[in-house]
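Undergrad: Here's a structure for you.
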Amino acid sequence: MPRKITRLSATKISTFEQCPKYFDFQYVKRVDRTFTPVEWEVGSIVHDIIARLFKQIKGRQRGIIPRLGNPDWYQPLLVEAVAGLKQQIDDKTIRVVRPDEELSSYEGQMNSALTTFTATVLPLLENHKIIGVEADLGRFHLAGVQMDGRLDLITQSGGNLYVHDWKTGGRRDEDERQAKIYYFASKDKYRQPATTFSLYYLAESGDIILSHTYDQEQRAELESEISGIVDRMSALDEYHAQPSVLCHWCPYGPQCEEGTAHMGDYPAPSRKDQIDLGLGT
Ligand code: SF4
């Protein structure tokens, strides 16, 4: 019998929509993962390297983001991270799921994301004052449920508040819901008159930034959407399996009968199959 829903996050909701049984493994039963897909780790590494930069600036530069003189600032951190990633792949705690991929491809993705971040995003943040790095959402409730999440970077410039979120995967429909949750959480937590929430798609080129502001009507719509999700979650007698191509990336696949059967029938796609998996953080 599912438990009463008291805490949610954008990630938890996406997991539930992908497969309720996956949600059950991860957030209800809290089963140990069999492995972590390499795509998740790629996202974590990029986020971690960027967070380290801003934490250092916050500690040493009075929190004012300077013009960075060294465009390769991240290279030593990336080299260290790739060595750790290789070890974890060898140890089989991290898995390269696609049959035609090797570590070098993911190393290239991380390098490209950090190059894009350095060339395109950092100059826009010059002279912003850092308010927070990897900050929580505070006591933010929607439909009576505590919403959790992590704000990658919060800055202030010209009396306005800017909240920044790095994306290392492709654009997904649910990004809009996350943007609304994070925007209204930031409004409540920091109480600044003008707040902007921006998503940065670091794996893309060209126009990689999507900025949002929302009004009270959209807050009411979000509250109603979350209420509906909570009702759907609470009404289920059991968290049923919803097999799909994403089973190959599910850390509980080897422990899941339905997922194992599906993966037997449909092998993991290669990159050339161009299936949009919506992976990444
Ligand atoms: S393996 Fe597939 S069906 Fe099983 S829990 Fe994971 S996503 Fe759901």
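Undergrad: Among the candidates GLY43, GLY59, single out the residue that is in contact with a Lys or Arg (Cβ under 9 Å, 6 or more places away or on another chain), away from the ligand (no atom under 14 Å from the Cβ) and outside any loop (DSSP other than H, G, I, E, B). So that I can check it myself, show each step before the final result.
TA: Details: GLY59 fails: in contact with a Lys or Arg (Cβ under 9 Å, 6 or more places away or on another chain).
Testing whether each residue is in contact with a Lys or Arg (Cβ under 9 Å, 6 or more places away or on another chain), away from the ligand (no atom under 14 Å from the Cβ) and outside any loop (DSSP other than H, G, I, E, B) leaves just GLY43.
Undergrad: Spot the failing condition for GLY259; the list is (1) part of a loop (DSSP other than H, G, I, E, B); (2) within 13 Å of the ligand (Cβ to nearest atom); (3) modelled with pLDDT of 95 or more, and only one is missed.
TA: That leaves (1) as the condition not met.
Undergrad: Which condition number does ALA235 fail, the rest of (1) modelled with pLDDT under 95; (2) within 16 Å of the ligand (Cβ to nearest atom); (3) hydrophobic (A, V, I, L, M, F, W, C) being met?
TA: For ALA235, the exception is condition (2).
Undergrad: Return yes or no: is LYS4 modelled with pLDDT under 95 and part of a helix (DSSP H, G or I)? Can you show your working first?
TA: Working: modelled with pLDDT under 95: yes; part of a helix (DSSP H, G or I): no.
Criteria not met by LYS4.
Undergrad: Identify all residues within region 6-40 that are crowded, with 17+ Cβ neighbours inside 10 Å, of a type in the set (S, T, N, Q) and either over 30 Å from LEU125 (Cβ atoms) or more than 16 Å from the ligand (Cβ to nearest atom) (or both); write none if there are none. Break it down stepwise before answering.
TA: Going through region 6-40, the residues crowded, with 17+ Cβ neighbours inside 10 Å turn out to be 8-10, 12-16, 18-27, 35, 37-40.
Retained after the next criterion (residues that are of a type in the set (S, T, N, Q)): 9, 14-15, 18, 26.
If the condition is that a residue be crowded, with 17+ Cβ neighbours inside 10 Å, of a type in the set (S, T, N, Q) and either over 30 Å from LEU125 (Cβ atoms) or more than 16 Å from the ligand (Cβ to nearest atom) (or both), then SER9, THR15, GLN18, GLN26 are the ones that fit.
The values are calculated or read from the model by the stated rules, or taken from the named source; none is laboratory data. Remember, it's a predicted structure, so these values are computed and weren't measured experimentally. With ideal geometry, Cβ positions are generated from the backbone for all residues, glycine too; neighbour counts draw on all protein chains shown.
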